[in-house]
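Please treat every number below as a calculation from the coordinates, not as lab data. A quick note: this is a predicted structure, and the numbers were derived from the prediction, not measured. No Cβ is skipped: glycine too gets one built from the backbone with ideal geometry, and neighbour counts run over all protein chains shown.
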Amino acid sequence: MAADSPELRRVEDFRKAAERTLPGPAWWYYSLGDGDNQTLRDNCESFKRYRVLPRVLRDVSTIDTTVSVLGSMLDFPVAISPTAHHKMAHPDGEKATARAAAAANTGMVLGLFANHSLEEVAEAAPQGTRWFNFVLFKDPERNRQLLERAARAGYKAIFLTVDQPRFEYLNQPKLTHKEKAKSQLFHGTGDCATLDALHVVSGTVIDIDIQILYFSTPNIMFPGTPPYGTVEYRSHLYSALKQPMTWDDVDWVKNNTSLPVVLKGILTAEDAKEAVRHGADAILVSNHGGRQLDGVPATIDVLPDIVGAVGGEAEVYLDGGVRTGTDVLKALALGARCVFIGRPAIWGLACNGENGLLQLLNVLKEELVYTMARTGCAEIGDINSTLVLHESYYSSRRGNISTVNNHY
């Protein structure tokens, strides 16, 4: 589908177009969560349970959406979360993602399991704001090499994933015969491997008998690594990753890079306070898009507690469930400095690569401007907690009124 298509007016339109465009295994890889997908659904549904309160008669003749994130000035507070294997959505992969983010003047977190190297992505968008997502290997030298490469290539922060104590998954949904047949339409260049290998660190395991044309991950290929796509490679990867990580590892990363360190995957006030004690520069409130543990809270619901626990000592961001510009305003009103999108970025890529993703980002920005105008906010700093109420506020008031009336 061509970029700037009039059919793509909302993020939901991009989702539907991506589902039609992507091969079955690629679609399910990006789409599924853990278990029964309760958390995956709740991330989106919970946003709908917050109500926006419009403010009137304010001068909103101009709207300024710029925001500072980790010292970088972005045109608007929507950045791109780390996700793996962007080449499954578009042949240009993470290079297209980086170019789109740079064109929108927003930030992108490059996933460790990207299909392009740190250096290739940096060269594709040299002026862009890039951050690097990181998980630890057992070998400290490998970790140092990656941290040093990120700094040399101009990445401005390290996003350390902290919510994967073990790289194993219980849920194994099966694709239908129709979906298996659709997988045969997936063409590209690279090694052939099972989706089981693809899900080592990224999420839900899909039928390991399905073969797809799959792409290498150069940022984790070190001397002595078995050939990519083999059973030996998968076994090597499992054994090479550090399982589990601890707070001592956060200290190690802080001591081995001069870049700011963001902890991705915090869901409780207690862990947020611990993150600050260990020197985290920022926290990304995230439940891994519902791919790690089903039944955990939606990120928007835990956000206020985490913001309160941090007490301004670190920046706080959110990902999970952001689908509209109104969602962006709700998250900012509850204390997030910036939101990050994962699956929507993939949907944009699937709709004509760089141009499709840029169009999706522009949709979110335009929706945010629209919502800010109607809530009386001329700039991001005007957005605050008085603009949002949870729906339970209204239901509890109705209950109290009913009780009073029954009394009389």
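Quick look at the values:
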read-out: Across K16/K138; K87/K156; K48/K138; K48/K365, pairs whose alpha-carbon gap is larger than 30 Å; value: K16/K138; K48/K138
read-out: Compactness of region 270-312 as Cα Rg over 2.2 N^0.38 Å, two decimals; value: 1.19
read-out: Sorted peptide list for 49-58, 289-298, 237-246, 142-151, criterion being average Cβ within 10 angstrom, highest first; value: 289-298, 142-151, 237-246, 49-58
read-out: Dipole moment magnitude, nearest 20 debye, region 229-381 about Cα centre, only Lys, Arg, Asp, Glu C-beta charged; value: 300 debye
read-out: Karplus-derived HN-Hα couplings along region 292-306 (A = 6.51, B = -1.76, C = 1.60, θ = phi - 60°), whole Hz, x at Gly and Pro; value: 9, 8, 6, x, 6, x, 5, 5, 5, 6, 8, 3, x, 5, 5
read-out: Rg/Rg_ref, region 25-149, where Rg_ref = 2.2 N^0.38 Å and atoms are Cα; value: 1.33
read-out: Rg and Dmax [Cα atoms of region 238-378; Å; Rg one decimal, Dmax integer]; value: 16.7, 54
read-out: Nearest-0.05 FRET efficiency for Q145 and S239, computed from C-beta distance (R0 22 Å); value: 0.75
read-out: Kirkwood hydrodynamic radius over Cα pairs of region 232-311, then Stokes diffusion coefficient at 4 °C and 1.567 mPa s, in µm²/s; value: 92 µm²/s
